[in-house]
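Note sheet for the following structure.
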Amino acid sequence: MAELADIVTGLGEKKFRAKQIFGWLARGAASFDEMNNVPLKLREALASEGYYIGQPEVVTEQISAADGTRKCLYEFRDGARVESVFMKYSYGNSICISSQVGCLMGCTFCASTMDGKMRDLTGGEMLGEVLRMKRLTGEDINHVVIMGMGEPFDNYDEVARFLRLINDPAGVGLSLRNITVSTCGIIPMIARFAEDFPQVNLAVSLHAPDGDKRMRTMPVARKYGYDELIEACRAYTEKTHRRITFEYALIRDVNDSEADARSLAHRLRGWLTHVNLIPLNEVKGREYKTAEGARVSAFRKVLEDSGVAVTVRRTLGSDIDAACGQLRADNKRG
Ligand code: SAH
């Protein structure tokens with residue numbers, strides 16, 4: 001809002017115009033022409049100065065007949081493409097957004113990282129993902145999870161900007177408590193995040209019971225060790241008094257044994273954690289298979305018996321390309 005006020009006054013207009021424009025943006029306006037209480041002269045000046053609204057276009061979408069899950073492939077002005085998913089839960093509507101175009105982290109089970117990273121998204125573009133979905137569905141968005149393509153802590157400043165933008169009471173005004181950020185474990189950013197955004201929920205993609213196993217599927221574990229990661233997460237819970245969620249994708253014969261579950265339980269017992277088990281979404285071009293149902297149940301039981309809070313992620317949109325990055329990979333240009 002302050003930046004917008006500077007722009008507007010710089011163009012010789014009154015400051016209150018910034019509030020009007022900010023309101024229009026938050027209500028999902030995709031062009032200056034829609035802002036009919038803003039003087040035409042100002043709208044034209046904004047466009048001729050090169051300002052534009054960073055809402056993406058929809059290249060293609062898939063809607064699940066089973067549960068209404070809606071997955072969009074978006075395209076920004078420069079041709080950059082990312083995915084976003086809308087999901088309906090009993091507690092409200094949720095959108096999963098991307099934070100980067102592609103990803104550099106190289107997790108071996110993930111489709112988003114196969115072609116590396118094209119660029120970071122800006123905070124405004126992340127907001128655009130939400131607002132475009134709102135417009136498309138005509139529904140409210142109650143929760144936002146930054147669990148799409150990209151590593152949010154590899155683009156910290158713009159993710160922070162997004163959080164402030166969507167939280168601004170003059171705009172969308174979404175509560176920070178209704179937002180979750182998921183990281184692959186860039187340790188220095190965890191402490192910073194606890195400092196900057198203690199109200200935002202944090203999820204950490206763990207996917208392994210120990211450092212050796214984690215290094216096999218997640219290259220980031222070579223830079224940031226397992227013990228250090230667990231320690232940083234524990235410090236986070238002590239500082240914020242907020243429960244941390246560990247995501248654990250169960251991959252057949254890779255990390256899904258009862259011995260794996262026991263060593264995981266040993267690490268997580270006794271502090272503010274919650275494990276979200278995700279049966280792997282199989283990705284074309286990757287050899288990994290999803291864990292069998294019996295293995296998932298046995299894994300869950302070991303954690304439960306050790307007193308670790310655990311849920312198995314409900315699979316929504318199983319009849320569409322659910323795993324992040326697959327829709328984009330299937331729609332390569334040229
Ligand atoms: N870079 C962030 C957020 C993006 S991915 C992170 O690593 O947390 C969101 C979650 O989906 C992560 O836990 C990621 O590891 C997981 N994921 C990626 N590919 C998957 C697949 N094929 N099946 C199940 N989960 C997957």
> What residue, of Met126, Met114, Met133, is over 23 Å from Phe153 (Cβ atoms) and not charged (D, E, K, R)?
Replying inline: Met133
>> Just to verify a result, which residue in segment 115-126, among those that are surrounded by fewer than 24 Cβ atoms within 10 Å (Cβ to Cβ) and not acidic (Asp, Glu), is nearest to the ligand (Cβ to nearest atom)?
In response: Lys117
>> Looking at Leu136, Leu104, Leu163, can you tell me which residue is within 26 Å of Met218 (Cβ to Cβ), surrounded by fewer than 18 Cβ atoms within 10 Å (Cβ to Cβ) and either of a type outside the set (Val, Ile, Thr) or in contact with a Ser or Thr (Cβ under 7 Å, 6 or more places away or on another chain) (or both)?
In response: Leu104
> Within segment 274-288, how many residues turn out to be at pLDDT 95 or above and either away from the ligand (no atom under 15 Å from the Cβ) or assigned to a loop (DSSP other than H, G, I, E, B) (or both)?
Replying inline: 1
> Only one of these conditions is not met by Val38: (1) touching a residue at least 24 places away in the same chain (Cβ under 8 Å); (2) in contact with a helix residue (DSSP H, G or I) (Cβ under 8 Å, 6 or more places away or on another chain). Which number is it?
Replying inline: (1)
> Which of the strands (runs of 3 or more DSSP E) contained wholly in segment 76-154 include at least 2 residues that are more than 20 Å from Arg177 (Cα to Cα)?
Replying inline: 81-89, 100-102, 117-120
>> Just to be sure before I move on: is Pro56 modelled with pLDDT of 95 or more and under 23 Å from the mean Cα position of the chain (by Cα) in the structure I sent?
In response: yes
> Failed condition for Lys223, given (1) touching a helix residue (DSSP H, G or I) at 6+ places or on another chain (Cβ under 7 Å); (2) over 20 Å from Ala111 (Cβ atoms); (3) within 15 Å of the ligand (Cβ to nearest atom), with all others met?
Replying inline: (1)
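The values are calculated or read from the model by the stated rules, or taken from the named source; none is laboratory data. Small disclaimer: the values here were computed from a predicted structure and weren't measured. When we count neighbours, we look across all protein chains shown, and the Cβ atoms used for this are built from the backbone with ideal geometry, even at glycine.
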